[in-house]
1. Span-like helices, chain A: DSSP H, alpha-carbon axial extent 18 Å or more, mean Kyte-Doolittle 0.0 or greater, which ones?
2. Quick one: Debye curve from the C-alpha atoms of chain B, no solvent, what's log10 I(q)/I(0) at q = 0.09, 0.19 Å⁻¹?
3. What's the magnitude of the charge dipole for the stretch A:2-77 around its Cα centre, counting Lys and Arg as +1 and Asp and Glu as -1 at the beta-carbon? Answer in Debye, nearest 20.
4. How would the stretch A:64-105 be classified by its alpha-carbon gyration tensor: rounded, prolate or oblate, with rounded meaning a/c under 1.5 and the a/b versus b/c comparison settling the rest?
5. Roughly speaking, what is the centre-to-centre gap between the stretch A:1-30 and the stretch B:58-77 when only Cα atoms are used, to the nearest Å?
6. Could you tell me which residue out of B:Ala31, B:Ala89, B:Ser73 lies farthest along the dipole of the stretch B:19-169 toward its positive end? Charges go on the beta carbon: Lys and Arg +1, Asp and Glu -1, centred on the Cα centre.
7. Quick one: angle between helix B:33-48 and the longest Cα principal axis of chain B, in degrees between 0 and 90, rounded to 10, please.
8. Explain nothing, just the number: relative contact order of the stretch B:19-169, from Cα pairs under 8 Å at least 6 residues apart, as a whole percent.
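Taken together, the values in this text are just the output of simple stated rules run on the coordinates, not laboratory data. In this text the structure is predicted, and so the values were computed from the model without any measurement. Cβ sites come from the backbone with ideal geometry, for glycine too, and all protein chains shown count toward neighbours.
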Amino acid sequence: MTSLAITVVGHDRPGIIAQAAEVLSKCGMNLEDSSMTLLRGHFAMTLICAGEADAAQVEAALQPMVNGSLDVTVREVPEEPDVPPLGATYLVTVHGADRLGIVARLAGVIAEAGGNITDLTTRLSGTLYVLLAEVDIPRSADVEALQARLAQVSAELGVDCTMRLLENDQL
Amino acid sequence: MLPTLPEGRVLDVVRAPSHTLSVPGSLVDPADPLIVQLCADLVATMRVSPGCVGLAAPQVGVSAQAFCIDVSSHPKTRTSHGLIVLLNAEIVEASRNERGREGCMSVPDLTGDVKRATKITMAGQLPLSGERVLISTDAFEARALQHELDHCNGLLFLDRVTGAHAVYPRKVYQQPGDPLAP
């Protein structure tokens, strides 16, 4: 059994996902976790699939999709064990006028505190820049100090930043 | 007023993908001894399940319009009616939608963002007597009632998520020193 990480990026058109999924199915590869979105109009898909085919076989099978407007990459990846997080999950939201370095500076602050970003979306809409990040914060971290540091760096960048606890309601 | 129920048995909770979770439950006769026992079993199973604030018949493999909730000890609760057991329930009024992230015993490894009314009135029948009751509530109790009613109608939170990126792996936090902790 091999696990493959596949990316497909390029010009969007109807049918890309259907075509990629059909190829993987014919190769006997089970599509496990995947994420697909449009990034500034570009099609962008990342997925993990598992089965008996190797990376070269799958890459060759996907070649008909690569027609000058789509890039496809395939590589084998090891099994990643599930590591339960220690601590809690926070949602960091940022919005403000676009400028260079917003993600770099704020992600740097989070990393310095030992926070691990598990999901990130950014959108540029006109001059408005929006960042949403889910962050696992270790129990040992000083959350108030991190919030203060994020506020300080956000002020330097001229953007507004909030960080709030994300709670799950078990029903 | 909830009638006294017989002693309940603890049942196994079924998980998705189980067909029972995806079909609307049948209307039930509140006086049917099997239904009364089912209600008692739902309460007993809810009580022994850690963190469980509600359970519906399809979650124990029975396709029926019956559920129980008790949110009285949950920190997000505002109004609480204590233990509620309702049959053949339906929503009469619902307003003030809010998005919240939900998990479910029948979908143990995922959570999802779901919009629910924060003020509702629900009608239903009590077991045994069949008395029709109206429950008006808010906040967490309203969310729990809607989640359980969805189960009775064959719906999971997965059927109601707010978007294609609104389902997440459930994170189970561990105390430092747990054998599985990194």
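1. Numbers: long enough: A:143-157 (21 Å, 0.51).
Long hydrophobic helices here: A:143-157.
2. The Cα Debye sum returns log10 ratios of -0.31, -1.35.
3. Using only the charged Cβ atoms, the result is roughly 280 debye.
4. oblate
5. 40 Å
6. Toward the positive end, the furthest listed residue is B:Ser73.
7. Here the helix axis deviates by roughly 30 degrees.
8. 28 percent.
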